[in-house]
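Participant: Dumping the structure here so I can ask a few things about it.
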Amino acid sequence: MATSGSKCRACKAPAVIDLPRHNANFCADHFLQLCRRQVDKAIDDYDMFDRSDRLLVAVSGGKDSLAIWDLLVEAGYQADGFYVGLGIGDYSDESRAYVERFAASRSLHLVTVDLRDDYGYDVPTAARAAKRKPCSACGLSKRHLFDRAAREGGYDVVVTGHNLDDEAAVLLGNVLRWDIEYLARQLPVLPAANGFPKKAKPLVRLTERETAAWCLLRGIDYLVEECPMSSGNRHLHHKNTLNAIEQASPSSKSAFYLNFIDKMAPLLASQSAAASGDVHDCEQCGSPTTTELCAFCRLVDTASAHEPVPVELVLGRRGRR
Ligand code: SF4
Ligand code: ZN
Ligand code: ZN
């Protein structure tokens, strides 16, 4: 990862990684220290949580979620994992195995839910039954289940592994559309409100290359394969665009996102359409909602009544678009 013969900026030992955005190379120890400092800074700057809070970390088996779970546990936070089985063919089987291996290797507590076993549907079936894009059905399901698991388990904060590349790509998409409402809510921490738990993204100061390097150096085995539903996702195009800009002008990506958070987001605070009005308990599941049945329960009703749809069918349909 580093040019041969390059030296660590901090100790002059042989470097294992070059970080153009910091204009420096680092040995393994000093790179790991840099990652810890970046996560500490995000937690402190954005007032995410402290060591008295119980954290529920949403884990997928990929590098980012396992890296943040590892970083938080190493730093002494009370962090349990939460995994949702999405029923996306082999991808889901493998992702679950990676998460379970990681939790077992460190004796960590893992809470699991399986859409098919517990709710009678999976993401491909929900997409077909509700005529939604798979990522939309998946996102709705995951958000609901994270919130519910936090509420029922008495957790203070839901933590996700979104990194700087993810957040900068979403920001670029929102800026290209000048979607003020989304921009106003695109924050690294969202407070608890209306029965929904606090949410935090402590990896926003680290890139995906850096979280991959963290896993490599810490011996964390993660699922490299992306979800098959992610192909064609417009965030991937935005990531590639930002990577091209970053290559020509190192540190542009972090400046784009972090300066937005520091300088622009406060100006947009009043634009955030906070869920207002009549928030009450869903008649079926008890979750906060503004309608009789929450969107998740409506999805469960539709999807669980539909015959199972194999993942290949949904992928095939996407491929023909
Ligand atoms: Fe879910 Fe889409 Fe992510 Fe796959 S790519 S895990 S379907 S949100
Ligand atoms: Zn060093
Ligand atoms: Zn409900």
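The values are calculated or read from the model by the stated rules, or taken from the named source; none is laboratory data. All figures in this text were calculated on a predicted structure; none of them were measured in a lab. Methodologically, a virtual Cβ is constructed for each residue, glycine included, from the backbone with ideal geometry; neighbour enumeration extends over all protein chains shown. Heads up: the accessible areas ignore ligands, DNA and RNA and are worked out on the full protein's heavy atoms, side chains in. Shrake-Rupley method; radii C 1.70, N 1.55, O 1.52, S 1.80 Å.
Participant: Does A24 satisfy the criteria of being at pLDDT 95 or above and either more than 13 Å from C215 (Cβ to Cβ) or in contact with an Asp or Glu (Cβ under 7 Å, 6 or more places away or on another chain) (or both)?
Facilitator: On the way: at pLDDT 95 or above: yes; either more than 13 Å from C215 (Cβ to Cβ) or in contact with an Asp or Glu (Cβ under 7 Å, 6 or more places away or on another chain) (or both): yes.
Here the answer is yes, as A24 does meet what is asked.
Participant: So how many residues does segment 22-42 have that are touching a helix residue (DSSP H, G or I) at 6+ places or on another chain (Cβ under 6 Å) and more than 11 Å from ligand 2 (Cβ to nearest atom)?
Facilitator: The total comes to 2.
Participant: Which of the residues that make up segment 277-304 are closer than 16 Å to R148 by Cα, outside any loop (DSSP other than H, G, I, E, B) and of a type in the set (S, T, Y)?
Facilitator: Within segment 277-304, T289 is the sole residue that qualifies.
Participant: Since F82 meets every condition but one in (1) under 30 Å from P134 (Cα atoms); (2) more than 16 Å from ligand 1 (Cβ to nearest atom); (3) in a strand (DSSP E or B), which condition does it not meet?
Facilitator: Unmet condition: (2).
Participant: Same structure again: Taking segment 292-312 on its own, how many of its residues are surrounded by 14 or more Cβ atoms within 10 Å (Cβ to Cβ) and within 14 Å of ligand 3 (Cβ to nearest atom)?
Facilitator: 12
Participant: Please specify each residue of segment 74-101 satisfying the condition of being of a type in the set (F, W, Y) and over 18 Å from the mean Cα position of the chain (by Cα). Don't jump to the end; show me each part of the working.
Facilitator: We begin by selecting, within segment 74-101, every residue of a type in the set (F, W, Y); these are 77, 82-83, 91, 98.
Scanning segment 74-101 gives a single hit, Y77.
Participant: Just to be sure before I move on: is R132 modelled with pLDDT under 95, outside any strand (DSSP E or B) and within 14 Å of ligand 1 (Cβ to nearest atom) in the structure I sent?
Facilitator: Taking the combined requirement at face value, the residue satisfies it.
Results for (1) in contact with a Leu (Cβ under 7 Å, 6 or more places away or on another chain); (2) hydroxyl-bearing (S, T, Y); (3) more than 21 Å from V224 (Cα to Cα), shown as yes or no for each residue.
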site	(1), (2), (3)
P14	no, no, yes
R21	no, no, yes
L55	yes, no, yes
F82	yes, no, no
L86	yes, no, no
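Participant: Give me the pairs, please: first residue somewhere in segment 224-236 and closer than 17 Å to G173 by Cα, second residue anywhere and hydrophobic (A, V, I, L, M, F, W, C) and away from ligand 3 (no atom under 16 Å from the Cβ), beta-carbon distance under 6 Å, and either six or more positions apart or on two chains.
Facilitator: As it stands, the answer is H235/A169, since those pairs meet every condition given.
Okay, residues lined up against (1) charged (D, E, K, R); (2) assigned to a helix (DSSP H, G or I); (3) away from ligand 2 (no atom under 16 Å from the Cβ); (4) open to solvent by less than 50 Å² (accessible area, probe 1.4 Å):
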position: R209; (1), (2), (3), (4): yes, yes, yes, no
position: W214; (1), (2), (3), (4): no, yes, no, yes
position: I220; (1), (2), (3), (4): no, no, yes, yes
position: L223; (1), (2), (3), (4): no, no, yes, yes
position: E226; (1), (2), (3), (4): yes, no, yes, no
position: H235; (1), (2), (3), (4): no, yes, yes, no
position: H238; (1), (2), (3), (4): no, yes, yes, yes
position: A244; (1), (2), (3), (4): no, yes, yes, no
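Participant: Another one. Counting only residues that are surrounded by 15 or more Cβ atoms within 10 Å (Cβ to Cβ), over 21 Å from the mean Cα position of the chain (by Cα) and not hydrophobic (A, V, I, L, M, F, W, C), how many does segment 23-60 have?
Facilitator: Adding up the residues that qualify gives 2.
Participant: Next up: Kindly list the number of the only condition in (1) within 16 Å of ligand 1 (Cβ to nearest atom); (2) in a helix (DSSP H, G or I) that fails for L72.
Facilitator: Only one criterion is unmet by L72, namely (1).
Participant: Six or more apart or on different chains, Cβ under 8 Å: which pairs go from a residue in segment 253-264 that's among the polar types (S, T, N, Q) to one that's assigned to a helix (DSSP H, G or I)? Could you list them?
Facilitator: S254/R21; S254/L164; S254/A168
Participant: Can you name every residue in segment 131-150 that is surrounded by fewer than 19 Cβ atoms within 10 Å (Cβ to Cβ) and more than 15 Å from ligand 3 (Cβ to nearest atom)?
Facilitator: K131, R132, K133, C135, S136, G139
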